[in-house]
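Notes for the one structure printed next.
The values are calculated or read from the model by the stated rules, or taken from the named source; none is laboratory data. For clarity, every value in this text was computed on a predicted model and none was experimentally measured. Cβ: placed from backbone, ideal geometry, glycine included. Neighbour counts: every protein chain shown. Protein only, heavy atoms only, side chains kept; ligands, DNA and RNA dropped before computing areas. Shrake-Rupley method; radii C 1.70, N 1.55, O 1.52, S 1.80 Å.
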Amino acid sequence: LIMILAGISTHFNPAFAGMTAAASPEAAMSLAEQWRYFFAGGVCACLSHSAATPVDVVKTRQQTDPLRYQGLGIRGCFVKIAREEGPVMLLKGLGPTSIGYLIEGALKFGFYEALKPIVFTAMGGGNKFIVFLISGVIAGAIASLALCPIEAARIRLVSDPNYAPGMGGALKRMMGVQGTLGVLFQGLP
């Protein structure tokens with residue numbers, strides 16, 4: 001879907017095609033030309049993760065309250081949540097999921113494509129697999145750093161529906177308790 005939306009291959013962008021070790025960074029596509037990678041990655045990640053929101057609600061509930069859902073299986077949990085809290089509860093966290101993965105997908109795929117020719121040039125050419133790997137690691141780190149606070153807010157909203165009225169309220173409350181850096185780097189050792 002990403003390749004169709006962008007109208008290109010996400011593993012072989014035109015700026016990377018035919019580059020040699022002597023190629024200059026100017027040969028890479030400009031950020032203005034990169035919009036399609038950011039757009040396609042964001043839209044596709046948003047759609048795919050948003051569609052999975054009900055499954056994610058069930059998974060989060062099973063993890064945060066295992067005794068309540070013990071022995072029910074995924075189908076039984078769906079039914080229990082829908083009966084006790086209404087079917088709309090299965091969409092709790094849809095906003096943070098959609099926004100978070102729109103940003104995450106845009107950053108991950110956009111930076112991956114933007115970084116490939118830069119890393120290739122910085123390495124003086126060489127093995128394209130290593131270039132792809134380094135570009136992917138850097139892009140993934142950037143995307144994850146942006147996603148983590150939003151995902152933490154989503155988990156709070158799903159595990160405790162009364163925690164805050166929405167993502168903004170959850171983030172504000174979390175920052176008040178943990179501080180900005182605590183929210184950004186929550187879960188790191």
Among the residues of region 136-189 satisfying the criterion of being of a type in the set (S, T, N, Q) and in a helix (DSSP H, G or I), which is modelled with the highest pLDDT? 144
Region 129-141 residues that are of a type in the set (S, T, N, Q), paired with ones that are open to solvent by less than 20 Å² (accessible area, probe 1.4 Å) (beta carbon under 6 Å, 6 or more apart): 135/116; 135/119
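Would you say residue 38 is within 14 Å of the chain's Cα centre (by Cα) and either touching a residue at least 60 places away in the same chain (Cβ under 8 Å) or loosely packed, with under 13 Cβ neighbours inside 10 Å (or both)?
Details: within 14 Å of the chain's Cα centre (by Cα): yes; either touching a residue at least 60 places away in the same chain (Cβ under 8 Å) or loosely packed, with under 13 Cβ neighbours inside 10 Å (or both): yes.
The answer is yes for residue 38.
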Using the structure shown, decide if residue 121 is open to solvent by less than 60 Å² (accessible area, probe 1.4 Å), closer than 22 Å to residue 163 by Cβ and either assigned to a helix (DSSP H, G or I) or at pLDDT 95 or above (or both). no
For region 19-35, how many residues meet the condition of being part of a loop (DSSP other than H, G, I, E, B), modelled with pLDDT of 65 or more and open to solvent by 70 Å² or more (accessible area, probe 1.4 Å)? 2
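Looking at 135, 144, which one is within 21 Å of residue 104 (Cβ to Cβ) and either exposed (fewer than 15 other Cβ atoms within 10 Å of the Cβ) or touching a strand residue (DSSP E or B) at 6+ places or on another chain (Cβ under 7 Å) (or both)? Spell out how you get there, then give the answer.
Working: 135 fails: either exposed (fewer than 15 other Cβ atoms within 10 Å of the Cβ) or touching a strand residue (DSSP E or B) at 6+ places or on another chain (Cβ under 7 Å) (or both).
Residue meeting the stated conditions: 144.
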So the check is Cβ under 6 Å with 6+ separation or different chains; which pairs have a first residue in region 48-76 that's closer than 16 Å to residue 153 by Cβ and in a helix (DSSP H, G or I) and a second one that's open to solvent by 40 Å² or more (accessible area, probe 1.4 Å) and of a type in the set (D, E, K, R)? 57/92
